[in-house]
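Participant: Let me give you the structure first, and then I'll get to my questions.
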Amino acid sequence: MVATTFSADTPNLVTDIVRKDGVSGNWVWWAFLLTGMLTVFVYAKLWRRSEATTDLEFYELRYGGKPAAFLRAFRALYLGVFFNVVIMATVSLAAIKIGGIMLGLSPVETLLLASVVTVVYSSLGGLRGVLLTDFFQFFIAMAGSIGAAYYILDLPQIGSLNNLLTHPNVSDKLSLIPDFNDWNTVIPLLIMPLAIQWWATWYPGAEPGGGGYIAQRMLSAKDEKNAIGATLFFNIAHYAMRPWPWIIIALSSLIIFPQISDIQTAFPNIPADKLGDDLAYSAMLTFLPKGLIGLVLASLIAAVMSTLSTHLNWGSSYVVNDFYLRFLKPEATDKELVAVGRISTVLLMAMAAMLALYLSNALEAFNILLQIGAGTGLIFILRWFWWRINAYTEIYAMIISFAVAIFFEVINPRVEWVLIPENQAYLKLLYGVGITTVGWVLATFLTKPEKEEVLLSFYRKIRPASFGWKKLLDKYPAEKQEQGQLPMEIGLMLVGSVMIYSALFAVGYWIYDNTPYAMIATAITVAGGLFIIMSWKKMK
């Protein structure tokens, strides 16, 4: 899980954010820890109980009839092909920028090399091959980023960590929390992510309620406790262990390449449409000495390959299991299914590579994906616990959220719509969440609920907390299997979130040499960890 989310475009994205909005700008993705911890303590065991092969099988467990079948087929293509290709294109864009700056390769040359190698081992090895390579690639990638940050601090232009932190280009970028005297910054960088974004939007790897390749990994765990433990470690590593080497390199880039024009001057061969703040990460790596630069380049290649391989395997699993086998040829042999999987792997990579040639920066793609998923997240949280949600809820939510995203990302910029004043682009997400949520709530109550036999079958298999199923269970009191765990699970989710945020802050404060705050944050981290360990045996 953590290797997959350690993509080559992730340090580029973090660099883009830090250069524009400072360290506190990372709350745009740090906020997703809340949904991550909700997945750990509430949803990991529910997914494991489903015993599905892919998360899309959920639709025909939870819903019934033709709407459920349509939803499964549509999501298989919508997520497995459309969304997946966009995500892989952003990863490929990062590969293009790394190849252009560090190896002098053209975009086409970079994509050919990255695509062919990844497609070969992904199509031959399947999920087991992806998991094994990801495991080793994570450690290579971490070693590379830590080594690069350590060396860059010793560059003559930087001098030391203290010189970096006191440099005028950097000193106003260090705060972990946005300046509350500037609400134009606080609202989009902190309040929107923490108050709305984490539960209301769908984003791959941070889906509310779990899903996608995170669910794929949980479903492959040997039991519920292993699914919970693996997902907990993923969130610790993803949010607390990884960000700081990237942040240090991003801050250092503000000294050596304070403007995008400085990057353009240093690397004139980079196409104009690929220039952006996210290029600064790769540009900084060119200062590394021989040997270390080889390790770092290998780590970035590992990051590209680990993410692409997971998405290729994930996408092809949707195409094969949830579309081809389910709807086109249920009698297909294993050999035929493997062949279809390999063909879809090649086609997905080809489409992603072509789209990558048209993208310009990672943050732009990140924001577009958030907008497309705006307003759908609450469904993925509630559908396990509220009997009234049906297949039409999800169908209408997808249609409305996509239409709103097209309006704001394609139509709105051309007509300069008055709904979005200058410097308030975050309102797009707010409108998207509001319009989509109202739409799917109305669709839920204007359409028939699922048949009782479908709902009871789902409830028996998954055994979720019963409070949202009360109306159904009042008719069938013998079916009630209340375990009284949900309040404790939500409590552990909050404790876990505080623990990991404290660990993230503790590392930052130790780096900043702010010893009192570092000690407080470290103590909170340890206390949270001990609380979770003591509570572990009580979880059912």
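Participant: Can you go through Asp16, Asp21, Asp9 and tell me which one is among the acidic types (Asp, Glu) and at pLDDT below 85?
Facilitator: Values: Asp16 fails: at pLDDT below 85; Asp21 fails: at pLDDT below 85.
Matching residue, one of Asp16, Asp21, Asp9: Asp9.
Participant: Taking only the range 192-232 into account, find how many residues are farther than 26 Å from Thr90 by Cα and of a type in the set (D, E, K, R).
Facilitator: 4
Matching residues to (1) under 30 Å from Leu455 (Cβ atoms); (2) at pLDDT 85 or above; (3) buried (at least 20 other Cβ atoms within 10 Å of the Cβ):
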site: Glu60; (1), (2), (3): yes, yes, no
site: Ala68; (1), (2), (3): yes, yes, yes
site: Thr118; (1), (2), (3): no, no, yes
site: Leu132; (1), (2), (3): no, no, no
site: Phe138; (1), (2), (3): no, no, yes
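Participant: Same structure again: Having 2 or more residues that are surrounded by 17 or more Cβ atoms within 10 Å (Cβ to Cβ), modelled with pLDDT of 90 or more and in contact with an Asp or Glu (Cβ under 7 Å, 6 or more places away or on another chain) is the bar; report the helices (runs of 4 or more DSSP H) wholly within the range 342-441 that clear it.
Facilitator: 377-382
Participant: Would the range 490-503 turn up any residue that is farther than 29 Å from Gly209 by Cβ and either in contact with an Asp or Glu (Cβ under 7 Å, 6 or more places away or on another chain) or of a type outside the set (A, V, I, L, M) (or both)?
Facilitator: Among the residues of the range 490-503, not one is farther than 29 Å from Gly209 by Cβ and either in contact with an Asp or Glu (Cβ under 7 Å, 6 or more places away or on another chain) or of a type outside the set (A, V, I, L, M) (or both), which makes the answer no.
Participant: Sticking with this structure for a sec: Give me the pairs, please: first residue somewhere in the range 373-385 and over 20 Å from Val86 (Cα atoms), second residue anywhere and of a type in the set (Gly, Ala, Ser) and not in a loop (DSSP other than H, G, I, E, B), beta-carbon distance under 8 Å, and either six or more positions apart or on two chains.
Facilitator: So the pair list comes out as Leu378/Ala200; Ile379/Ala397; Leu382/Gly468; Phe385/Gly468.
Participant: Here's another thing I want to ask about it. Counting just the residues of the range 267-286 that are assigned to a helix (DSSP H, G or I) and in contact with a Pro (Cβ under 8 Å, 6 or more places away or on another chain), which one comes out modelled with the highest pLDDT?
Facilitator: Tyr281
Participant: Need pairs with beta-carbon distance below 6 Å; first residue more than 16 Å from Lys538 (Cα to Cα) and within the range 489-510, second among the small types (Gly, Ala, Ser) and surrounded by fewer than 20 Cβ atoms within 10 Å (Cβ to Cβ); sequence gap 6+ or separate chains.
Facilitator: Every condition considered, the pairs that remain are Met499/Gly529; Ala506/Ala518; Tyr509/Ala518; Trp510/Ala518.
Participant: Turning to a different aspect of this structure: Here are some residues: Thr10, Thr54. Which one is over 18 Å from Ala397 (Cβ atoms) and in contact with a Ser or Thr (Cβ under 6 Å, 6 or more places away or on another chain)? Steps first, please.
Facilitator: Details: Thr10 fails: in contact with a Ser or Thr (Cβ under 6 Å, 6 or more places away or on another chain).
Thr54 is the lone residue from the list that is over 18 Å from Ala397 (Cβ atoms) and in contact with a Ser or Thr (Cβ under 6 Å, 6 or more places away or on another chain).
Participant: I need a count of the residues in the range 287-319 that are in contact (Cβ under 8 Å) with a residue 12 or more places away in the chain, part of a loop (DSSP other than H, G, I, E, B) and either surrounded by fewer than 16 Cβ atoms within 10 Å (Cβ to Cβ) or touching an Asp or Glu at 6+ places or on another chain (Cβ under 7 Å) (or both).
Facilitator: Residues that pass the stated criteria total 1.
Participant: Can you pull out the residues in the range 445-481 that are surrounded by fewer than 13 Cβ atoms within 10 Å (Cβ to Cβ), at pLDDT 90 or above and aromatic (Phe, Trp, Tyr)?
Facilitator: Phe445
Participant: Please specify each residue of the range 320-341 satisfying the condition of being assigned to a helix (DSSP H, G or I) and out of contact with any Leu (no Cβ under 8 Å at 6 or more places or on another chain).
Facilitator: Arg326, Phe327, Leu328, Asp334, Lys335, Glu336, Val338, Ala339, Val340, Gly341
Participant: Could you tell me whether the range 35-52 includes any residue that is crowded, with 24+ Cβ neighbours inside 10 Å and small (Gly, Ala, Ser)?
Facilitator: yes
Participant: Okay, next question. For the range 472-486, state whether one or more residues are in a helix (DSSP H, G or I), in contact with a Lys or Arg (Cβ under 8 Å, 6 or more places away or on another chain) and over 27 Å from Ile399 (Cβ atoms).
Facilitator: yes
Participant: Please find, among Ala200, Ala215, Ala206, Ala227, the residue that is of a type in the set (Gly, Ala, Ser) and over 15 Å from the mean Cα position of the chain (by Cα). It would help to see each step written out before you state the result.
Facilitator: Numbers: Ala200 fails: over 15 Å from the mean Cα position of the chain (by Cα); Ala215 fails: over 15 Å from the mean Cα position of the chain (by Cα); Ala206 fails: over 15 Å from the mean Cα position of the chain (by Cα).
Selected residue: Ala227, the only one of Ala200, Ala215, Ala206, Ala227 that is of a type in the set (Gly, Ala, Ser) and over 15 Å from the mean Cα position of the chain (by Cα).
The values are calculated or read from the model by the stated rules, or taken from the named source; none is laboratory data. Everything numeric in this text was worked out from a predicted model, so none of it was measured. Reconstructed Cβ throughout: ideal geometry from the backbone, glycine too, with neighbour counts over all protein chains shown.
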